[in-house]
1. Identify the residue in the stretch 99-126 that is small (Gly, Ala, Ser) and more than 18 Å from the chain's Cα centre (by Cα) and, among all such residues, is farthest from Phe45 (Cα to Cα).
2. Quick check on my filter: what residues within the stretch 153-173 are touching a helix residue (DSSP H, G or I) at 6+ places or on another chain (Cβ under 6 Å) and closer than 25 Å to Ser32 by Cβ?
3. So how many residues does the stretch 131-148 have that are under 17 Å from Lys36 (Cβ atoms), among the hydrophobic types (A, V, I, L, M, F, W, C) and touching a Leu at 6+ places or on another chain (Cβ under 6 Å)?
4. If you take the residues of the stretch 132-164 that are part of a helix (DSSP H, G or I), among the hydrophobic types (A, V, I, L, M, F, W, C) and touching a residue at least 24 places away in the same chain (Cβ under 8 Å), which of them is surrounded by the most Cβ atoms within 10 Å (Cβ to Cβ)?
Amino acid sequence: MRKLAFAAVVLAAPLAFAQPKPPEMDPKNPISSSLKGNFERVKKFIIGAADEMPAADYAFKPSPEVRSFGQLIGHIADASYMFCGAAKKETKAPAKESIEKTATTKDALKKALADAFAYCDAVYAASKDAALSTPISLFGNDKMLKFQALDINVAHDNEHYGNIVTYLRIKKLVPPSSSGM
């Protein structure tokens, strides 16, 4: 029994050390720095998954009714512009066309995703707690708050990262969140 317990501890130790380090917390802006940390975490997983999936599998769909892997990456990029654009109070986000509908190659989708995440990086970096209650317009609702746009963006990214995990697992790939990334 002791050997079994020892083996469990030895085998579990690398997993404990593989957990992502907590985000840097700004004591003057704990809410906005927490949002930024959550965004950084899921962004890292999505970028890692986009890198990991072979180019030939960007057209892969687990079933005909759902988005392909590439369309999912494009959708995340499109939504990033929408949510971060709303938080920034831009009436027209930088993406001119639907990335999901126009980009098809791994290289084009990875670039579009990187550009969208860079756009959001600037919004999260500039966000301070005092401004999170600023009213913005999102989904036709002029009573939303900047906090909600940034929080929904993180939730949306996490939701679709869950989809991405399924796509990777079907292809016998290990998702970044399970690989200690």
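1. Of the residues in the stretch 99-126, the ones small (Gly, Ala, Ser) are 103, 108, 112, 114, 116, 118, 122, 125-126.
Filter once more, so that each one left must be more than 18 Å from the chain's Cα centre (by Cα): 103, 126.
Values: Ala103: 21, Ala126: 23 Å.
Across the stretch 99-126, the extreme among qualifying residues is Ala126.
2. Result: Asn153, Val154, His156, Asp157, Asn158, His160, Tyr161.
3. Adding up the residues that qualify gives 1.
4. So the first thing to find is which residues in the stretch 132-164 are part of a helix (DSSP H, G or I), and the list is 146-164.
Still in the running and among the hydrophobic types (A, V, I, L, M, F, W, C): 147, 149-150, 152, 154-155, 164.
Now restrict to residues that are touching a residue at least 24 places away in the same chain (Cβ under 8 Å): 147, 149-150, 152, 154, 164.
Details: Phe147: 19, Ala149: 24, Leu150: 26, Ile152: 19, Val154: 22, Ile164: 24.
Per the stated criteria, the residue is Leu150.
FYI, it's all coordinate maths here, none of it is from the lab. All values reported here derive from a predicted model rather than from experimental measurement. Every residue, glycine among them, receives a Cβ derived from its backbone with ideal geometry; neighbour counts consider all protein chains shown.
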